Amino acid sequence: AGCGGDGGSGGSADDGKITMGFSQVGAESGWRTANTKSVQGAAAAAGVTLKFSDAQQKQENQIKAIRSYIQQKVDVIAFSPVVESGWDTVLKEAKNASIPVILTDRAVDSADTSLYKTFLGSDFVEEGRKAGTWLTEEFKDSKDPVNIVELQGTTGSAPANDRKAGFAEVIGADPKFKVIASQTGDFTRAKGKEVMEAFLKANPDIDVLYAHNDDMGLGAIEAIEGAGKVPGKDIKIITIDAVKDGMQALADGKISYIVECSPLLGPQLMDLAAKAVKGESIPARVVTEETTFTQEQAKEALPSRQY
Ligand code: AHR
C-alpha cells in the first residue's frame with residue numbers, strides 16, 4: 001500500500017492494505033488522549049497501517065507532518081486541525097497528489113471544500129448552545145444579574161470559536177446573563193487553573209464558570225478551592241467533554257453540568273477512510289452523536305465510562 005502504481009486516486013492500496021497518515025493536535029487533554037487511543041485501536045482493528053504524529057498544539061508541526069505523508073504517498077491523510085485557518089496551501093498539495101484528506105474532530109475554514117473529502121466530528125456550536133440552555137434554565141427564577149467567567153479553548157480553534165458562539169447565542173436572549181471575563185486556557189488543566197486564579201483575583205463576585213473543556217474546569221476547581229470557595233456551590237461550573245475525571249467531579253458535586261463531546265471517532269474514521277480510498281462517495285459531514293450529563297446522570301454513567 002501507499003506506493004500507488006495502479007493509477008487510481010490517492011495511490012489506492014495495491015495489496016488491499018491502507019496506509020493512513022494521521023496528524024494529531026497534541027496531548028493537551030483527557031479527551032485528546034482518549035481520541036488518540038480510539039484512532040490507534042480502530043486502525044489496528046481495521047488492519048490499517050497508521051503513521052501517527054503529535055503536533056504539540058502547533059500548526060507548523062501539522063503542516064510538516066502532512067507534507068511528509070504526501071511525500072511518503074500514503075493512501076489517505078486524516079488530521080484534527082489545531083486552528084481553523086491557514087490550511088489551503090497544504091490541502092492543495094494533497095489534492096494535487098490525489099491523496100484524499102479527512103478532517104476529524106475539528107474543522108478548517110477553507111472556502112474550497114473540495115480540498116477534503118469529509119469532516120467527521122461534533123457540532124461544537126450545538127454543544128455551546130446546550131451549555132447555555134442549562135444555565136438559563138438553572139437561573140430562570142433569579143432576578144439578579146448572573147456573572148459568568150469563560151475559559152476558552154485554544155485560540156482560533158473550531159471548538160473554541162463555536163462553543164463560545166453557541167453559548168453566547170443562547171444566553172444573549174436575557175441581559176441578566178453577563179460574561180464578565182473570557183480568556184483562553186488552551187484546553188489544559190494548568191492553564192485553566194492559572195487563568196481562573198486571575199479571574200478570581202479580579203472579580204470578587206463570580207456566579208458561574210463556563211469552561212470549554214473538562215480539563216480547564218478541573219484546573220479551575222483547584223483555583224476556586226485555593227481561594228477558599230466551594231466549586232459547584234459558590235460558583236456553578238459547566239464544562240464540555242465528559243471524560244472520566246470530569247464525570248467524577250460532576251458526580252462529586254464540584255461540576256454542575258457537562259455537555260458530552262465524544263472522542264471515540266476511530267471506528268467511523270476507518271470506515272470513511274476505506275471508502276474514500278476506494279473512491280466511493282461519502283457524506284461531506286458526519287456529526288457525532290452526543291448527550292449531556294447532570295450530577296445524578298454522572299453517578300449512573302461513571303461505572304461503565306470507558307475513558
Ligand atoms: O477538539 C475537541 C476538543 O479538544 C476537546 O473538547 C478538548 O478537550 C480537546 O483538547
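Of note:
- Taking other C-beta atoms within 10 angstrom as a stand-in for reagent exposure, V287, V170, V259 fall in the order V287, V170, V259, fewest first.
- Shape category assigned to segment 212-307 from the gyration tensor of Cα positions, a/c cut at 1.5: prolate
- The chain: C-alpha gyration tensor shape, a/c 1.5 cut-off, then a/b vs b/c: prolate
- Cross-link partners of K244 among lysines (Cα-Cα below 16 Å; sequence separation of 8 or more within a chain): K37, K254, K299
- Segment 20-28 - phi-based ³J(HN,Hα) in whole Hz, Karplus 6.51/-1.76/1.60, Gly and Pro as x: 10, x, 10, 9, 8, 4, x, 9, 6
- Long-range amide H partners of V146 with built H, under 5 Å: F177, K178
- Springs between Cα atoms under 10 Å define the GNM used for the chain, and in it the highest mean-square fluctuation of D271, D186, D123 occurs at D271.
- Seen from a random direction on average, the alpha-carbon convex hull of segment 1-151 projects onto 11.0 square nanometres.
- By DSSP, the beta bridges lying fully in the chain are antiparallel in about 5 percent of cases.
- Across the chain, C-alpha contacts under 8 Å between residues 6 or more apart give a mean separation that, scaled by the residue count, equals a relative contact order of 18 percent.
- Cα gyration tensor shape for segment 109-238, rounded if a/c is under 1.5, else prolate or oblate: oblate
- In a fully extended conformation the segment linking S281 and V230 would gain 13.1 nm over its present Cα-Cα distance, using 0.36 nm per residue.
- Value of [θ]222 nm, deg cm²/dmol, for the chain, DSSP H segments ≥ 4, -39500 (n - 2.57) each, nearest 500: -12500 deg cm²/dmol
- Database remark: amide H of Y307 closer than 5 angstrom to the amide H of K244 (H placed geometrically; neighbours at sequence offset of 5 or more, or on other chains; Pro and chain starts carry no H).
- Estimated vicinal HN-Hα couplings, Hz - segment 129-136 in sequence order (Karplus 6.51, -1.76, 1.60; Gly, Pro = x): 5, 4, 4, x, 5, 4, 4, 5
- Each of K201, K143, K130, K58 has some number of other Cβ atoms within 10 Å of its Cβ, and from fewest to most they run K143, K201, K58, K130.
- Which of L200, A223, F187, positive extreme of dipole for segment 135-242 (C-beta unit charges): L200
- Dipole size of the chain about its Cα centre, with +1 on Lys/Arg Cβ and -1 on Asp/Glu Cβ: approximately 520 debye, rounded to the nearest 20.
Any read-out appearing in this document is the output of simple, stated calculations on the displayed coordinates, not a laboratory observation. Predicted, not measured: the structure shown is a model, and the values here were computed from it. Glycine also receives a Cβ, built like all others from the backbone with ideal geometry; neighbour counts cover every protein chain displayed.
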